[in-house]
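Take a look at the structure below.
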Amino acid sequence: MWKIAVFDADLTSAQRLAARIGALFTQVSSALSCTVEILPDVDTATDQAADFDLIFLGMPHTHAAALRTASRQTELAFILEGRTSGLEELLWTRPLGCILPPYDDEQILSVLRQFTRYRNWESTFFIVENRQQLSRIRHDSILYFESKAKIVYPRLVTGTSEGFPARLDIVENRLALHGYIRCHKSYLVNLRHVQMLDKKNRQIIITGGITIPVSKQNYVRVLSVISQSGVSIANEE
C-alpha cells in the first residue's frame, strides 16, 4: 500500500485534492491501493516526509528544499498557485510533476502515473538523475557502488558508469529493498554478484574475481546476510 500525503495552506483545497487522489488511484494501479493523509503544517510535513511515498506539496518555492533534504526517497509533486517562475531552481528536488488550480483529474492522474511508473522502474533499475537527465541502470548489471570524494560511481559488469554527487548512505537507503549490502564506508555491494565471503581476509569476492573489503564495523551484519543467502564462506577463522 502506497502512502500519499497532501500539504496545502488552503485546507479546503487540500481536502478536495486528497479525495480526488484516493478516487483516481485505482485507475493507475489495480494491484495496489493507497492511503491519503492531509498534513496540517509544513513542520509536520518535514518531520514526517520519510513516512510517505508521495507528497503533493503546496508553496514549493518555499518548502520543497526542506522536504527533499528531510527525505531523499519520498517523491514530490508541486501544487502551484499560478506562479511558475523560479521552478528551474527546484529541479534538484526531482518533482514528478505540477498541478495548477482548478485541479482537473487529468493533472492528478498524470502525477500518479509518473509515480507508479517510477516506482515500478526501481524494482528493475537504479535510477540516476545527472545533468538534469534521467538514466536507468539495470540492477543485475551493477556489481557495486564506490564512493570517492563525495561522488558515487556505479561499477558495472561492463565497466564504470558516470558518477553522480551523493552520499553513499543515501544510495544505501534508496536500495534497502533491492538486494544491496553496505560492507565498507566506501562500498555498497550488489548481493546478486557476491560469490564468496573470505572471513580470514575480511573481504567479499564478487563476479569477475573482484575483491571488496569488509570493514570491522560492517563485518557482523555482512556475515549474517551472506550466511542467510547461501553464499560460500571461505577461510574460517
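Averaged across orientations, what area in nm² does the convex hull of the alpha carbons in the stretch 2-127 project?
On the way: hull surface 28.8 nm².
For the stretch 2-127, averaging the hull's shadow over all directions gives 7.2 nm².
Grab the Cα-Cα distance for A149 and S215, subtract it from 0.36 nm times how many residues apart they are, and report the gain in nm with one decimal. Once the chain is fully extended between A149 and S215, it gains 21.9 nm.
Output the direction-averaged projected area (hull surface divided by four) of the convex hull of the alpha-carbon atoms of the chain, in nm². Display every interim value, and only then the final one.
Details: hull surface 57.2 nm².
For the Cα atoms of the chain, the hull's average projected area reads 14.3 nm².
Let a ≥ b ≥ c be the square roots of the eigenvalues of the Cα gyration tensor of the stretch 133-234; is it rounded (a/c under 1.5), or, if not, prolate (a/b larger than b/c) or oblate? Prolate shape, in that a/c is at least 1.5 and a/b is the bigger ratio.
The count of lysine pairs in the chain with alpha-carbon distances below 30 Å, taking only pairs 8 or more places apart or on different chains, stands at 12. By the beta-carbon count within 10 Å of each Cβ, the least crowded to most crowded order of C183, C98, C34, fewest first, is C98, C34, C183. For E172 and R136, a Förster radius of 22 Å and the Cβ-Cβ distance give a FRET efficiency of 0.70, rounded to the nearest 0.05.
Residues E172, E146 in ascending order of nearby Cβ atoms (within 10 Å, fewest first): E172, E146.
Let me have the 222 nm mean residue ellipticity of the chain computed from DSSP H runs of 4+ only, each contributing -39500 (n - 2.57), with the sum over all residues rounded to the nearest 500. The partial results should precede the final answer.
Numbers: 6 runs with 76 residues, N = 237.
Theoretical 222 nm ellipticity from helices: -10000 deg cm²/dmol.
The stretch 162-237 and the stretch 32-108 have Cα centres lying 35 Å from one another.
For the stretch 2-127, what is the charge dipole size about the Cα centre, in debye to the nearest 20, if Lys and Arg each add +1 at the Cβ and Asp and Glu each add -1 at the Cβ? Provide the component values of the computation, followed by the final result.
Details: 10 positive and 16 negative charges, 79 e Å.
Approximately 380 debye in magnitude.
Remark: spin-label model distance L100-N201 equals 6.1 nm, labels positioned 7 Å along the Cα→Cβ axis.
Summing charges over all other residues whose Cβ lies under 12 Å from the Cβ of Y153, with Lys and Arg as +1 and Asp and Glu as -1, gives +1.
If R0 is 45 Å, what FRET efficiency do you get for H61 and R192 from their C-beta distance, rounded to 0.05? Please report the intermediate quantities before stating the final value.
Working: r = 42 Å, r/R0 = 0.92.
Once rounded, the FRET efficiency stands at 0.60.
Assuming charge only on the beta carbon of Lys and Arg (+1) and of Asp and Glu (-1), the dipole of the stretch 133-234 about its Cα centre is about 240 debye to the nearest 20.
Just to verify a number: FRET efficiency for F164 and E81, C-beta to C-beta distance, R0 = 22 Å, to 0.05?
Details: r = 33 Å, r/R0 = 1.48.
Plugging the Cβ-Cβ distance into 1/(1 + (r/R0)^6) gives 0.10.
In a reduced charge model with +1 at each Lys and Arg Cβ and -1 at each Asp and Glu Cβ, the chain shows a dipole moment near 1120 debye about its Cα centre. Computed 3J(HN,Hα) for the stretch 95-108, one whole-Hz value per residue from the Karplus formula 6.51 cos²θ - 1.76 cosθ + 1.60 where θ = phi - 60°, is x, 6, x, 10, 10, 10, x, x, 7, 7, 4, 5, 4, 5, glycine and proline marked x.
Listed by Cβ neighbour count within 10 Å, with the fewest neighbours leading, I151, I204 appear as I151, I204. Close amide-amide hydrogen proximity is noted between V152 and F164, A166, each under 5 Å apart and 5 or more residues distant or on a separate chain (H modeled in the peptide plane; Pro and chain starts excluded).
Every number here is computed from the coordinates shown, using simple stated rules; none is lab data. Not measured: the values here are computed from a predicted model. Using ideal geometry, Cβ is built from the backbone for each residue, glycine included, and neighbour counts are taken over all protein chains shown.
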